[in-house]
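One structure is given here, and the rest of the page talks about it.
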Amino acid sequence: MVKVTVLGAAGGIGQPLSLLLRLNPHVTELALFDIVNSEGVAVDLSHIPTKQKVYGYGPKSKTDTTQLKAALKDADVVVIPAGVPRKPGMTRNDLFKINASIVKGLVHQAGLVCPNAFICIISNPVNSTVPIAVEELKKLGAYNPAKVFGITTLDNLRLEEFLSLALKRVNGASIDPADLRGDAISIGGHSGSTIVPVLNSWASSLPSSVYDTLLHRVQYGGDEVVKAKNGRGSATLSMATAGYRFVSHLVEALADDLIVDEVAFIKFDELPAKGIPNIVSSQISYFSLPFKLGRSGVKFVQFPKNLSDKETKLVGIAVKQLRGEIDTGVEFVHHSK
Ligand code: NAI
């Protein structure tokens, strides 16, 4: 029995993500909350024949929280893609003003109603919205470091796809991107230079110009989509796929009591962790890292081994940038009502 609640379920990411969750046999109840059209999306999905229950919730007025509370009641997993997406020329940080308050408000209710749920944040800027979620939950006494995640899976999807294309270009090798999963991973944060692809043994196959192009595409892949959509939003379908990959893994861990390998932006300093270099742990406490995940959350965090000199340098750059973005999130909670 796993109940998943999606907050922002009628949006560009929320709808396809909800569709994928509707088709997951482990999800016994799907609760869809949005400030617009959530009931329409729920009724639409309810015509897909599955054993799962699906309900839509939307506020009856600007100040109504009863519907949000009902959506969150008994939730095991709360996924948050609520907020505004980027337009051309915007960075993820430009979204902060609007999305910070939205995430804070939604996480506040989650902390009150389902304090034991896993909280998965998609709303950007993830590097700041995750610290907002953590600080808000701390204020409520509902914070569990093993259960709060910023979903950075899209960086991993891009890395797998773009690396397989780069390898094909260099030596004609046809490598299924699925075979790169878990071997080449993206760590750090979820914006531009905070994204650090770690290539392991694949690095040696790439001439430096190909590597530089790959690095740029992984770090700024989001811009390609924003530009191509020309004012009609940012990544939605690839993001829904990424969000589903993370959430379905989490649901699997819950339903089947499995230990799974995942990567997400987490607050690592209160978790069992190995190998975190001083350059990271002395300056920040959040980083996107690989971990073992079980029914009660993150069990063990492991910093990737054998980074190249280039990758180590990128970690240093990421830390510098992340420090400010994390502080912005923390300060937002402590300086707002
Ligand atoms: P969208 O505008 O299509 O959908 C957002 C939805 O949130 C809308 O349906 C809106 O009504 C809803 N919403 C707004 N305020 C709300 C509230 N207080 N409570 C509940 N729902 C609320 O945007 P899209 O494209 O779905 O993107 C959503 C967020 O995801 C953006 O912040 C975007 O930057 C972020 N994103 C994150 C990625 C990642 O890798 N983590 C990748 C791509 C986008």
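Run down the lysines and flag those whose C-alpha is under 18 Å from the C-alpha of Lys227, throwing out any fewer than 8 positions away in its chain.
The reachable lysines, counting only those whose Cα sits under 18 Å from Lys227, are Lys87.
Report ³J(HN,Hα) in whole Hz for each residue of region 243-252, in order, from the Karplus equation J = 6.51 cos²θ - 1.76 cosθ + 1.60 where θ = phi - 60°; Gly and Pro get x.
3J(HN,Hα) across region 243-252, in whole Hz: x, 5, 4, 5, 5, 5, 5, 5, 5, 4.
With n ≥ 4 as the cut-off for DSSP H runs, can you work out [θ] at 222 nm for the chain, using -39500 (n - 2.57) per run divided by the number of residues, rounded to the nearest 500?
Calculated from helices alone, the mean residue ellipticity at 222 nm is -14500 deg cm²/dmol.
Short version: ³J(HN,Hα) in whole Hz for each residue of region 322-331, in order, from phi by Karplus 6.51 cos²θ - 1.76 cosθ + 1.60 (θ = phi - 60°), x for Gly and Pro, what are they?
So the J values, rounded to whole Hz, are 5, 3, x, 5, 5, 4, 4, x, 4, 5.
With θ taken as phi - 60° and the coefficients 6.51, -1.76 and 1.60, list the Karplus ³J(HN,Hα) couplings across region 177-193 in order, rounded to whole Hz; mark glycine and proline as x.
Each residue's phi maps through the Karplus curve to give x, 4, 6, 8, 4, x, 9, 9, 10, 9, 10, x, x, 10, 6, x, 6 Hz.
Using the Cα gyration tensor of region 210-303, with a ≥ b ≥ c the square roots of its eigenvalues, what is the shape: rounded (a/c below 1.5), prolate (a/b larger than b/c) or oblate (neither)?
Oblate.
Please grab the % of Cα pairs in the chain that end up more than 30 Å from each other.
When all Cα pairs of the chain are counted, 32 percent exceed 30 Å.
Based on the mean of other Cβ atoms within 10 Å per residue, sort peptides 236-247, 47-58 so the most packed one is first.
Top to bottom by mean Cβ count within 10 Å: 236-247, 47-58.
Note down the net charge around Ser285, summing +1 for each Lys or Arg and -1 for each Asp or Glu among other residues with Cβ under 14 Å from its Cβ.
Summing Lys and Arg as +1 and Asp and Glu as -1 gives -2.
Order these peptides, 126-136, 314-324, 108-118, by their mean beta-carbon neighbour count within 10 angstrom, highest first.
So the order, starting with the most tightly packed, is 126-136, 108-118, 314-324.
Highest mean first, what order results for 195-202, 206-213, 22-29 on Cβ atoms within 10 Å?
For the peptides 195-202, 206-213, 22-29, the packing ranking is 195-202, 22-29, 206-213.
With only alpha-carbon atoms counted, please give the Rg and Dmax of region 143-275, in Å.
15.9, 49
Too long at a 25 Å Cα-Cα cut-off: which of Lys69/Lys104; Lys274/Lys320; Lys69/Lys292; Lys73/Lys274?
With Cα atoms farther than 25 Å apart: Lys69/Lys292; Lys73/Lys274.
Around Asn230, with a cut-off of 13 angstrom between Cβ atoms, what is the net charge of the other residues, counting Lys and Arg +1 and Asp and Glu -1?
Every neighbour counted, the sum reads +3.
For a Förster distance of 30 Å, can you work out the FRET efficiency between the beta-carbons of Glu39 and Lys305, rounded to the nearest 0.05?
Working from the Cβ atoms, E equals 0.05.
Where a number appears in this text, it was derived from the coordinates with a stated rule and is not lab data. Nothing here was measured: the structure is a model prediction, and the numbers come from that model. Quick reminder, even Gly has a Cβ in these numbers, built from the backbone with ideal geometry, and neighbours come from all protein chains shown.
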